[in-house]
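Everything below concerns the one structure shown next.
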Amino acid sequence: MHEAIGVSRAVLVASNVYAEDLRATEDALRAHPERFRGVALIRPDVADSELDRLHALGFRAVRINLVLEGALRMEHLPRLAPRLADRGWHLEVQSKPETLDEVADTLLALPVDVAIDHLSLIRPEHGENHPGIAAVLKLLDRGRGWAKLSGPYVGEPGGPRFPRAALLARRFAAAAPERCLWGSNWPHPQAVPMPDDGDLVDWLAEAVPDAIARSRILVDNPARLFGFPRP
């Protein structure tokens, strides 16, 4: 898939299907250490030695899912985040927009950068002034937040253009082009209908028509956040 759409480097996010069993992601990182970085699912009592082992493999972030129940929860973050910061890691958050509004200040108080997945699952019916949108913009404005311009079909089924999601992505990119990311969300879990990955690349071009900003989102920003060598 990467060869088809022209992607040379990528970040692999450990799947909730496997919970905290990271072996599948670890295998991929070992096979392509220069090409891939990883986002881990962990337990809150993970040992420092395990975090160091994961770092050596190429993991650079931990994901917390506030939509699906997992071992890691918000109350664990104040103690975990300094350990992530010591390793130059960040936190990735999947959250519904109403939940993100509730936890934004807690996330801002953490000593790590925070990336919000999939446009915070904002749907067209939420409108343009939903508090969840304001929460993403607040995170971006404070300089510690990142917005993933990914999964437009999650909040706007159908496609392939996803025009309302494109407007939202354009809004985030205009606010902080230096802290936006793109992702395919392949293999598109639970997506109906299944999106075409080429369409998702084209969608980004429509959402962020400025070529310089788009280059930052696709190349410079992920290189900085995940520690890839600069091309």
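Here, each number is a calculation from the coordinates, and none is a lab measurement. All of these numbers come straight from a predicted model, not from anything done at the bench. Don't worry about glycine lacking a Cβ; one is built from the backbone with ideal geometry, like all the others, and counts go over all protein chains shown.
General remarks:
- Highest mean first, the peptides 153-166, 3-16 sorted by other C-beta atoms within 10 Å per residue fall in the order 153-166, 3-16.
- Computed over the stretch 83-231: relative contact order in percent, which uses C-alpha pairs under 8 Å that are six or more apart: 19
- Burial ranking of peptide ranges 137-150, 192-205 (average Cβ count within 10 Å, highest at the top): 137-150, 192-205
- GluC sites (Glu not before Pro) within the stretch 52-143, DSSP loop, no more than 14 other Cβ atoms inside 10 Å: 69, 128
- Looking at the stretch 21-57, the GluC sites (Glu not before Pro) that sit in a DSSP loop and have at most 11 other Cβ atoms within 10 Å of their own Cβ are 34.
- Cα point-scatterer Debye curve for the chain, base-10 log of I(q)/I(0) at q = 0.10, 0.14 Å⁻¹: -0.42, -0.87
- Our helix-only sum for the chain, with -39,500 (n - 2.57) per DSSP H run of n ≥ 4 divided by its residues, gives a mean residue ellipticity at 222 nm of -11500 deg cm²/dmol.
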